[in-house]
Amino acid sequence: MLEFIQKFFGKEAACSKNIAKERLRLVLVHDRANVSPQFMEVLKDDMIKVISNYMEINEQEMEVNLTNTNSSVTLVANIPVNRMKRSAFQQE
Amino acid sequence: MGEVIVITSGKGGVGKTTTTANLGTGFALLGKKVVLVDADIGLRNLDVVMGLENRIVYDLVDVTEGNCRLKQALIRDKRYESLYLLPAAQTRDKNAVNPDQMKVLCSDLAEEFDYVIIDCPAGIEQGFKNAIAGADRAIIVTTPEVSAVRDADRIIGLLESEGKHDPKLVVNRIRPHMVKKGDMMNIDDIIEILAIDLLGIIPEDEYIVISTNRGEPAVVSPVALASIAYKNIVRRLLGENVPLMTIESNEGFFYKLKKVFGF
Amino acid sequence: MQEDVIFKGSKTGLQLLLSETADFGNIIQQLKEKLESATNFFSKGCIVKVPIANRVLTTEQQQQLTSLFADYGLKWKEVQDPSVSDEQPAAEPTPKPMIITKTLRGGQEIMYSGAVIIMGDVNPGAKVTAGGDIVISGACRGVAHAGAYGDEKATITAKRLIASQLRIADVIARSPDNLDDFIQPDYTETACIKDGAVVIEPAKQQYTFN
């Protein structure tokens, strides 16, 4: 009966599928952020490869992390740059 | 050289075995040479769904351990000449086989058959790793439930880390009237969340229960909704462009379906 | 997985083969797992033979083995040669029938060199392999293999003989595909080999072992 009334007044959010979808979205944000250390290492290596084409970076002090908040996940990379590479610009 | 397809889901009970049986039989209906491989060692089920449980002499573990030749373990289907089953062992566990053995097995089968379809066990442990080891492509089965979609997402990630890219999605057990009421996630919702290509949708159909009772895949039926849905998927896998079943309508699902198929 | 511990059924009973090279701790661990996973398989008081040529055990190791077996109601003794008995002529008496007092469920497996008597059912997916006859007091819905070493005179008897598959010696029979018009008789039946095929007939009133 309640459902009917809610539908009658056009309360979309009351549909259980929307609840399902929203819950799922949140769950997946967290699931996907729980990646393995190996994954992060691979990501880091790839980033180094790409960035090294353009600049010299301090690989030892480079930090790559996923940070979790309630509603989103952010990739935070802190990469100290030693020197820009000239060759990268000259190719243009 | 045939194609090796693994049917997987993460969560149990979403219809992997039913999908394996129906897609395999669907290929056989079109004259393709198919072998179904039950990779659920210790909890085999594909044999009963296919109605071949009383013909098992050797199984997958017998093959990998060299107790018999591959051909001896293959059971020919009782309806279709070009359809075979390689059953799982029932008295062993997942650790009786390793991914390397499965790779060899799959490539041996792919030499003989057009399609090798692997029924993956639920979970993400050894059995899953075995099942996907030799696969060229993956089909993920899910239902419109939070738990099943979440597990499907996990599986997509695991497949990617194993180098199996671009899996296709089958959404099983859609209930049109619940979707219409807004009490079940619809296809767009699921695709939006999982962000992979949709291969097909299977409506909830009581005929699946009946056909499983009989040990005869639903796809054999010319009229059952699930049968038509599975046949569509088979044609899509063969490269045909088959439109999706329409499931939301004012007149009800069946009416619309009748309109689509013109009877 | 490397199998360091192998149980082998033979005409003279159960033999335990231990890897010559594996670490003894691993062996005990694997043995424990095997005993745990197959408590049905090992009937109480059963004597397991351990061929010494296979692996020389220290006194301490022997004690460990004894106490592990004792936990499962088993004993063991050393025998001289690993290849004993396997192919020896049937000079030894046939072993006593093994009696199982519960229902065998899917995935459970009994292997015994002599006859097997089951006071219960054999469910689908369960398997009984016997060197001699098989007698089941309840329903047989799984796989039964009598005369597994080639004895074509072996029989399979069950109160309800609806096995998915019956094997006697090297002959295999399976249940009919169409069970719709199949009427299960309410008397005990026996399967045996006649003219090279497995046939099922009403059991003799009194079943006796010879």
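Annotations for the structure displayed:
- Filter pass, residue B:90 being facing chain C (nearest Cβ under 9 Å) and either in contact with a Lys or Arg (Cβ under 6 Å, 6 or more places away or on another chain) or closer than 19 Å to residue C:166 by Cα (or both): yes
- Positions within segment C:132-160 being touching a residue at least 24 places away in the same chain (Cβ under 8 Å), farther than 25 Å from residue B:88 by Cα and either assigned to a loop (DSSP other than H, G, I, E, B) or facing chain B (nearest Cβ under 10 Å) (or both), in sequence order: C:132, C:133, C:152, C:153, C:154, C:155
- Close pairs from segment C:103-119: first among the aromatic types (Phe, Trp, Tyr), partner outside any loop (DSSP other than H, G, I, E, B), Cβ under 6 Å, at least 6 apart: C:112/C:98; C:112/C:130
- Put simply, of A:53, A:65 the only residue that is in contact with a strand residue (DSSP E or B) (Cβ under 9 Å, 6 or more places away or on another chain) and exposed (fewer than 14 other Cβ atoms within 10 Å of the Cβ) is A:65.
- Taking segment C:13-36 as the range and being hydroxyl-bearing (Ser, Thr, Tyr) and open to solvent by 30 Å² or more (accessible area, probe 1.4 Å) as the test, only C:21 passes.
- Residues located in segment B:145-154, provided they are within 8 Å of chain A (Cβ to nearest Cβ) and surrounded by fewer than 24 Cβ atoms within 10 Å (Cβ to Cβ): B:145, B:146, B:150, B:153, B:154
- Scanning segment B:56-84 for residues that are open to solvent by 80 Å² or more (accessible area, probe 1.4 Å), within 23 Å of the chain's Cα centre (by Cα) and over 14 Å from residue B:36 (Cβ atoms) yields B:71, B:81.
- The C-beta contact set for segment A:28-42 (first residue at the interface with chain B (Cβ under 9 Å from one of its Cβ atoms) and outside any helix (DSSP H, G or I), second residue at pLDDT 75 or above and surrounded by 14 or more Cβ atoms within 10 Å (Cβ to Cβ), distance under 7 angstrom, 6+ apart or interchain) comprises A:35/A:66.
- The lone exception for residue C:48 - which of (1) in a loop (DSSP other than H, G, I, E, B); (2) at pLDDT below 75 it fails: (1)
- Members of segment C:183-198 found to be closer than 19 Å to residue C:151 by Cα, hydrophobic (A, V, I, L, M, F, W, C) and exposed (fewer than 12 other Cβ atoms within 10 Å of the Cβ), listed by number: C:197
- Segment B:178-207, subset part of a strand (DSSP E or B) and over 16 Å from residue B:156 (Cβ atoms), residue farthest from the other protein chains (Cβ to nearest Cβ): B:200
- Among the residues of segment C:119-171, those that are surrounded by fewer than 24 Cβ atoms within 10 Å (Cβ to Cβ) and β-branched (Val, Ile, Thr) comprise C:129, C:155, C:157, C:162, C:171.
- Residue satisfying condition, being free of Cβ contacts under 8 Å to residues at least 60 places away in the same chain and open to solvent by less than 30 Å² (accessible area, probe 1.4 Å), within set B:224, B:218: B:224
- Residue within segment B:70-80 that is in a helix (DSSP H, G or I), of a type in the set (A, V, I, L, M, F, W, C), within 14 Å of chain C (Cβ to nearest Cβ) and closer than 26 Å to residue C:165 by Cβ present: yes
- Selection count where residues are part of a loop (DSSP other than H, G, I, E, B), more than 10 Å from chain C (Cβ to nearest Cβ) and within 14 Å of residue B:74 (Cα to Cα), scope segment B:40-58: 1
- Test result for residue A:45, of a type in the set (Asp, Glu) and at pLDDT below 85: no
- Any hit, segment B:131-153, residues being in a helix (DSSP H, G or I), small (Gly, Ala, Ser) and without any contact (Cβ under 8 Å) to a residue 40 or more places away in the chain: yes
The values are calculated or read from the model by the stated rules, or taken from the named source; none is laboratory data. Quick caveat, the model's predicted, so the values are computed rather than measured. Note that each Cβ is placed from the backbone with ideal geometry, even for glycine, and that neighbours are counted across all protein chains shown. Accessible surface areas use protein heavy atoms only, side chains included; no ligands, DNA or RNA. Shrake-Rupley method; radii C 1.70, N 1.55, O 1.52, S 1.80 Å.
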